[in-house]
Amino acid sequence: MKQTTLSAGVVVLHRTAGGCRYLLLRSYQYWDFPKGMVEADETPLEAARREVCEETSLTALDFLWGEAFRETLPYGRGKVARYYVALARTDAMELPVNPELGRPEHDEFHWLGYRGARALLAPRLLPVIDWAHALTGC
């Protein structure tokens, strides 16, 4: 049986007067939620929180839905991504420079409504955003 590699991330949303907006990050031609590999000394939720901060500078997150998560089906070389959901208290953010790369990990970001976000995401992420949308009531 093929070994799976777990990465962890967060479906970050921000509530506005016009409704909920989901944070998407683009790296190369793919849009995704903030995520990264789980390190040996951390839980998947700790890794997810760390990755959001490293990739977006967002630290004021409320995990109102606790440790509820949704995982993708295996993709690539046996990789599985686990996503939690958090509410961002602000939508003010930047793409920090990754010290190892000398540049941000992502090329751009957008805060989008459900339909707009769904239109940009790869098919493997559609069950994740659908789950988060239903869970949060957005």
Pair ALA68, GLU39: separation of 7 Å Cα→Cβ label points (nm):
3.0 nm
Note: TRP131 to GLU108 extended length (0.36 nm per residue) minus current alpha-carbon separation gives 5.9 nm
Taking segment 98-138 on its own, what percent of its Cα-Cα pair distances exceed 17 Å?
45 percent
State the cysteines of the chain left without a partner when partners are defined as other cysteines whose beta carbon lies under 4.7 Å away.
CYS53
Each label sits 7 Å from Cα toward the beta-carbon; between LYS79 and GLU46 the label points are separated, in nm, by 2.3 nm
Per residue, the convex hull enclosing the alpha carbons of segment 5-136 has a volume in Å³ of 109 Å³
Given springs between every Cα pair under 10 Å in a Gaussian network model of the chain, which of LEU101, LEU45, LEU64 has the largest fluctuation?
LEU101
Given contacts defined as C-alpha pairs under 8 Å and at least six residues apart, what's the relative contact order of the chain, whole-number percent?
33 percent
I'd like the GluC sites (Glu not before Pro) in segment 13-117 restricted to DSSP loop residues with at most 16 other Cβ atoms within 10 Å, sorted by number.
GLU39, GLU42, GLU67, GLU94, GLU100
Would you mind finding the longest exposed-site-free stretch of the chain, with exposed trypsin sites (Lys or Arg not before Pro) meaning DSSP loop and at most 11 other Cβ atoms within 10 Å?
3-76
Radius 15 Å from Cβ of ASP130, net charge of other residues (Lys, Arg +1; Asp, Glu -1)
+3
Most mobile of TYR28, TYR84, TYR114 in a GNM of the chain (Cα contacts under 10 Å)
TYR28
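FYI, it's all coordinate maths here, none of it is from the lab. Only a predicted model underlies this, so the values are computations on that prediction, with no experimental measurement involved. Cβ sites come from the backbone with ideal geometry, for glycine too, and all protein chains shown count toward neighbours.
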